[in-house]
Amino acid sequence: MQLEIRNLSKTYSNGVHALKSVSLTIPQGMFGLLGPNGAGKSSLMRTIATLQEADSGSIQLTGLPEGDIDVLRQKDAVRRVLGYLPQEFGVYPRVTAETMLDHIATLKGLANARERKEIVSGLLQKVNLHQVRNKNLGTFSGGMKQRFGIAQALIGNPRLIIVDEPTAGLDPAERNRFHNLLAEIGENTIVILSTHIVEDVTNLCSDMAIICLGEVVATGNPNDLVEDV
Ligand code: ADP
Ligand code: ADP
């Protein structure tokens with residue numbers, strides 16, 4: 001399975017060229033997309049997540065058992081295999097973690113209540129929020145919210161997971177906890193980690209790209225691309 005991005009371009013109506021013919025091949029495992037603020041990371045992530053249109057180019061998700069997906073055209077198919085943690089992940093403050101996950105699982109088509117309960121319980125344990133499953137999301141710290149965000153992104157066993165700036169605003173301990181959690185996802189999944197924090201990539205990713213002003217300026221192994229780590 002891999003994600004093949006070819007000549008992807010996007011210019012916003014204000015004239016900003018956010019993506020300039022971006023081409024990237026993203027393999028299974030943890031892939032880091034590193035770049036400063038304004039580089040075009042979120043534009044690329046939102047396009048892959050089918051939340052915004054590109055002007056030109058193509059994105060193919062290949063090697064799935066159910067067949068290849070043309071990401072820009074087969075949005076429903078993408079959404080069935082996608083887990084997405086957006087950059088600004090808002091939670092409903094007066095809903096409990098358990099209720100919210102159950103609701104999202106329902107939206108993702110899990111019709112059987114007992115099955116949902118099992119899945120939700122497993123995910124809450126995985127992200128270490130089981131103890132607070134009956135607390136309102138509004139009472140959660142930033143790190144807890146991010147871990148909740150990963151739990152919601154993991155519902156339905158996604159093959160492609162996109163996390164956009166997941167550790168921005170987290171303290172070092174929370175960042176560590178979040179790293180450990182991401183590292184467990186791995187293997188049969190493509191995980192794209194978009195970040196401006198070098199350590200996120202060097203600690204977690206086996207492959208990476210550096211994006212700057214809408215252009216991919218380097219791709220390869222983090223150990224080769226990032227110095228002094
Ligand atoms: P478009 O240019 O594609 O028509 P809009 O200008 O309508 O998009 O903005 C869509 C969303 O993106 C809005 O939520 C807006 O707040 C946000 N947005 C607008 N300009 C910027 C920007 N320069 N950087 C980041 N987000 C922006
Ligand atoms: P990053 O995620 O790397 O910070 P973005 O993709 O958010 O980069 O932004 C890339 C460029 O596009 C920036 O110059 C940003 O201001 C601009 N931009 C992002 N979203 C919009 C939007 N909806 N409308 C207009 N400009 C945008």
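Restricting Met208, Met144 to residues that are open to solvent by 10 Å² or more (accessible area, probe 1.4 Å), among the aliphatic types (A, V, I, L, M) and either away from ligand 2 (no atom under 16 Å from the Cβ) or touching a residue at least 40 places away in the same chain (Cβ under 8 Å) (or both) narrows the list to Met144. Looking at Thr62, Thr50, just one residue is buried (at least 19 other Cβ atoms within 10 Å of the Cβ) and within 26 Å of Glu187 (Cβ to Cβ), and that residue is Thr50. Look at (1) of a type outside the set (Asp, Glu); (2) over 17 Å from Leu3 (Cβ atoms); (3) in a helix (DSSP H, G or I); (4) free of Cβ contacts under 8 Å to residues at least 12 places away in the same chain and you find that Ala111 fails only one, number (3).
Taking residues in the stretch 68-90 that are more than 17 Å from Ile192 (Cβ to Cβ) and without any contact (Cβ under 8 Å) to a residue 12 or more places away in the chain, and partners anywhere that are open to solvent by less than 80 Å² (accessible area, probe 1.4 Å) and not hydroxyl-bearing (Ser, Thr, Tyr), the pairs with Cβ atoms closer than 6 Å and at least 6 places apart or on different chains are Asp68/Gln60; Ala77/Ile69. Among the residues making up the stretch 23-51, those that are closer than 14 Å to Glu165 by Cα and outside any strand (DSSP E or B) are Gly35, Pro36, Asn37, Gly38, Ala39, Gly40, Lys41, Ser42, Ser43, Leu44, Met45, Arg46.
Within the stretch 44-64, take every residue that is among the small types (Gly, Ala, Ser) and farther than 14 Å from Leu85 by Cα and give me the one that is nearest to ligand 1 (Cβ to nearest atom). Outline the logic, then answer.
Step one: of the stretch 44-64, the residues among the small types (Gly, Ala, Ser) are 49, 54, 56-58, 63.
Retained after the next criterion (residues that are farther than 14 Å from Leu85 by Cα): 54, 56-58, 63.
Working: Ala54: 11, Ser56: 15, Gly57: 16, Ser58: 20, Gly63: 32 Å.
The selected residue is Ala54.
Having 1 or more residues that are under 15 Å from the mean Cα position of the chain (by Cα) is the bar; report the helices (runs of 4 or more DSSP H) wholly within the stretch 138-227 that clear it.
Numbers: elements: 142-154, 172-185, 198-204, 222-225.
Output list reads 142-154, 172-185, 198-204.
Once the stretch 175-197 is narrowed to residues that are surrounded by fewer than 19 Cβ atoms within 10 Å (Cβ to Cβ) and in contact with an Asp or Glu (Cβ under 9 Å, 6 or more places away or on another chain), the residue that is nearest to Leu24 (Cα to Cα) is His196.
The values are calculated or read from the model by the stated rules, or taken from the named source; none is laboratory data. Treat the numbers as computed from the prediction; the structure is a model and nothing was measured. Glycine also receives a Cβ, built like all others from the backbone with ideal geometry; neighbour counts cover every protein chain displayed. Note: accessible area is taken over every heavy atom of the protein model, side chains too, but ligands, DNA and RNA are not part of it. Shrake-Rupley method; radii C 1.70, N 1.55, O 1.52, S 1.80 Å.
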